[in-house]
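**Q** Input: one structure, supplied below.
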Amino acid sequence: MMDGMEPLNEIFKRIGQTSSTRSTLSDSELEELTSAEIHCDICNDKRWFVVAPEENAPASARTVIPCQCQERVWGVKSADRIRQYSDLGPLERLTFGTVELGTRDTFSEPSSFRDAYHAAQRFVTDMQGWLVLCGPSGTGKTHLAAAVGNALVEADQPVRFVSVPDLLDHLRSAFDPAVGAQYDEIFLQAIEAPVLILDDLGAQSATAWADEKLDQILTHRYNRRLPTLVTTGIPFAELGDRLRTRLGDPYFSTVVNIKAGSGMSDIRESGLEPRLAELMTFKSFTKGATGATASQKRSLSEALAAAKVFAEHPSGWLYLAGPTGVGKTHLAAAIVSESIAQGRDVMFRFVPDLLDDLRRSYGPAGGKSFDHTFSQVRDVEILVLDDFGAEASTAWAEEKLYQLIVHRHDSMMPTVFTSRSALETIGGANNRGESRYSDAIISRLSDANVVAERYLSAPDFRHRGATPRPRSSTRKSSRK
């Protein structure tokens, strides 16, 4: 049995003793209680029990069971409680099955990534000790961490996945004596999670307060020998002395350094963030989720198929349209990664940022900077324009887009657009009643001989499986 854990029969005895007291609350009263307000004498607000068949049993033989208080906290069945508790949200699509082992040399050096992959699988099987994955952004650390989380959830093993910057933001925003219960719960979820995954250690703002909170979490889990997985983009040797002591214990921790792949410099030069390249692949694209209709799933499958064809044989223009969160940028990023893997010259640009860059380099002070920047975008072999239509509507911006679109249309250069507007509405009027784009731009975007449009319709994937943050009834709305 784990250190400090009482026998299972004593736990069940306390459950019986407190059940009659809890039953005096009406259903409506229970529904009004938030997770932070429900105090449980059974588990001491830990929400879980770790049970072992015998003294000193290995971690793999232990069973983690939810306390009955979770029915009041979340009001759903056990499997769903474990999934909600994990807080994996949209990362549920990242599993060991979606890892492209042996084909990731663009992002990470194959041998080091394979070591990390197998270490992650062992962590799931053994569920003991610490695993630390180090490596530059985009090398697959978060994918493997999410795969571990999803594998444990599928095995009905409670696990908590948190981004370190987000965790510290939530702690900071809840750090108020008037709502201390919420701060305590967020902190307890981190230090007492049966298995904790801390993603992106080192990406948080470096403050004494943040360092203190992280040290408290890691020290507590280190002393209790609680299974923990950490990812960091900082080379292990550059971490602080205290962090290295905790994370690098040779008797308790496994540290794996994932090296950057041969194409990582090409990823950065393309303009695509390495982290997007890591997470947004064809294999990890979700073709529908709970709540999606048959027609919505079909629209995603058709868009995925069109993107794959374009990536394999780039020609013409591909226009991916749909509301926010359906996967347009995901497919565009996957096209960029696949094109780089094939040795093609590709560029990814968020349209509002592209126009800002061009505007800054324009004019006498810019010298030849504007010409160089514009020609790079205009003449690149494959161009991906993300969020077309989100840019500010000005005569200057439209002129530059006109020059860019006309050149690439006349030269039949492969181009991908993502937009929240379908082609049939792209020419809609602005707030002054004027056409959003000139007839010349609309005509080229509407050329059916060149442009293939795919409209993605589905629930916002960023909300799929996400768990609402617990809120105290006395607390004002927090930032998203």
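The values are calculated or read from the model by the stated rules, or taken from the named source; none is laboratory data. All of these numbers come straight from a predicted model, not from anything done at the bench. Note that each Cβ is placed from the backbone with ideal geometry, even for glycine, and that neighbours are counted across all protein chains shown.
**Q** Test each condition in (1) at pLDDT 90 or above; (2) in contact with an Asp or Glu (Cβ under 8 Å, 6 or more places away or on another chain); (3) not in a strand (DSSP E or B) for PHE161 and report the one that comes out false.
**A** (3)
**Q** How many residues are more than 22 Å from ASN257 (Cβ to Cβ), of a type outside the set (Lys, Arg) and in contact (Cβ under 8 Å) with a residue 40 or more places away in the chain when one looks only at region 126-160?
**A** Initially, region 126-160 is screened for residues more than 22 Å from ASN257 (Cβ to Cβ), giving 127, 150-160.
Pick out the ones that are also of a type outside the set (Lys, Arg) and you get 127, 150-159.
Retained after the next criterion (residues that are in contact (Cβ under 8 Å) with a residue 40 or more places away in the chain): 127, 150-153, 156-159.
The total comes to 9.
**Q** Next question, about the same structure. Would you be able to say whether some residue in region 156-170 is in the same structural domain as ILE217 (by TED's automatic domain parsing), of a type in the set (Asp, Glu) and within 21 Å of ILE340 (Cα to Cα)? Full working, then the answer.
**A** Of region 156-170, the ones in the same structural domain as ILE217 (by TED's automatic domain parsing) are 156-170.
In the following step, the residues that additionally are of a type in the set (Asp, Glu) were identified as 156, 166, 169.
Checking the rest, the ones that are also within 21 Å of ILE340 (Cα to Cα) come to none.
No, region 156-170 contains no residue that is in the same structural domain as ILE217 (by TED's automatic domain parsing), of a type in the set (Asp, Glu) and within 21 Å of ILE340 (Cα to Cα).
**Q** A further question follows. Evaluate region 431-449: report whether one residue or more is of a type outside the set (Gly, Ala, Ser), part of a strand (DSSP E or B) and modelled with pLDDT of 50 or more.
**A** Looking only at region 431-449, we keep the residues that are of a type outside the set (Gly, Ala, Ser), and these are 431-432, 434, 436-437, 439, 441-442, 444-445, 447, 449.
With the extra rule that they be part of a strand (DSSP E or B), the set shrinks to none.
Within region 431-449, not a single residue is of a type outside the set (Gly, Ala, Ser), part of a strand (DSSP E or B) and modelled with pLDDT of 50 or more.
**Q** Has region 207-220 got any residue that is assigned by TED's automatic domain parsing to the domain that holds GLY97, more than 30 Å from SER301 (Cβ to Cβ) and not in a helix (DSSP H, G or I)? Don't jump to the end; show me each part of the working.
**A** Let us first name the residues in region 207-220 that are assigned by TED's automatic domain parsing to the domain that holds GLY97, namely 207-220.
Remaining after also requiring more than 30 Å from SER301 (Cβ to Cβ): 207-220.
Going one step further and asking which of them are not in a helix (DSSP H, G or I), we end up with 207.
The answer is yes, given that some residue of region 207-220 is assigned by TED's automatic domain parsing to the domain that holds GLY97, more than 30 Å from SER301 (Cβ to Cβ) and not in a helix (DSSP H, G or I).
**Q** Still on this model: Which one is surrounded by the fewest Cβ atoms within 10 Å (Cβ to Cβ), of the residues in region 280-292 that are at pLDDT below 85 and either closer than 20 Å to LEU144 by Cα or not charged (D, E, K, R) (or both)? Give the steps one after another, and end with the answer.
**A** First, pick out the residues of region 280-292 that are at pLDDT below 85: 286-292.
From what is left, the residues that are either closer than 20 Å to LEU144 by Cα or not charged (D, E, K, R) (or both) are 286, 288-292.
Numbers: THR286: 20, GLY288: 18, ALA289: 19, THR290: 7, GLY291: 10, ALA292: 20.
Ranking the candidates gives THR290 first.
**Q** When you go through (1) aliphatic (A, V, I, L, M); (2) at pLDDT 85 or above; (3) in contact with a Ser or Thr (Cβ under 8 Å, 6 or more places away or on another chain) one by one for ALA120, which number turns out not to apply?
**A** ALA120 satisfies all of (1) aliphatic (A, V, I, L, M); (2) at pLDDT 85 or above; (3) in contact with a Ser or Thr (Cβ under 8 Å, 6 or more places away or on another chain) except (3).
**Q** Do you know which of the residues in region 231-245 that are without any contact (Cβ under 8 Å) to a residue 60 or more places away in the chain and within 25 Å of ARG275 (Cβ to Cβ) is surrounded by the fewest Cβ atoms within 10 Å (Cβ to Cβ)?
**A** Restricting to residues being without any contact (Cβ under 8 Å) to a residue 60 or more places away in the chain and within 25 Å of ARG275 (Cβ to Cβ), the top hit is ALA237.
**Q** Can you tell me which residues in region 221-252 are in a helix (DSSP H, G or I) and touching a Cys at 6+ places or on another chain (Cβ under 6 Å)? Reasoning before the result, please.
**A** Restricting attention to region 221-252, the residues satisfying the condition of being in a helix (DSSP H, G or I) are 221-224, 236-238, 241-247.
Listed by number, the list holds a single entry, PHE236.
**Q** Sticking with this structure for a sec: What number goes with the only condition from (1) in the same structural domain as ASP215 (by TED's automatic domain parsing); (2) in contact with a Ser or Thr (Cβ under 9 Å, 6 or more places away or on another chain); (3) part of a helix (DSSP H, G or I) that VAL256 does not pass?
**A** The one condition VAL256 does not meet is (3).
**Q** Against the definition (of a type in the set (A, V, I, L, M), closer than 27 Å to PHE96 by Cβ and modelled with pLDDT under 85), how does ALA181 come out, yes or no?
**A** Values: of a type in the set (A, V, I, L, M): yes; closer than 27 Å to PHE96 by Cβ: no; modelled with pLDDT under 85: yes.
Against the criterion (of a type in the set (A, V, I, L, M), closer than 27 Å to PHE96 by Cβ and modelled with pLDDT under 85), ALA181 does not qualify.
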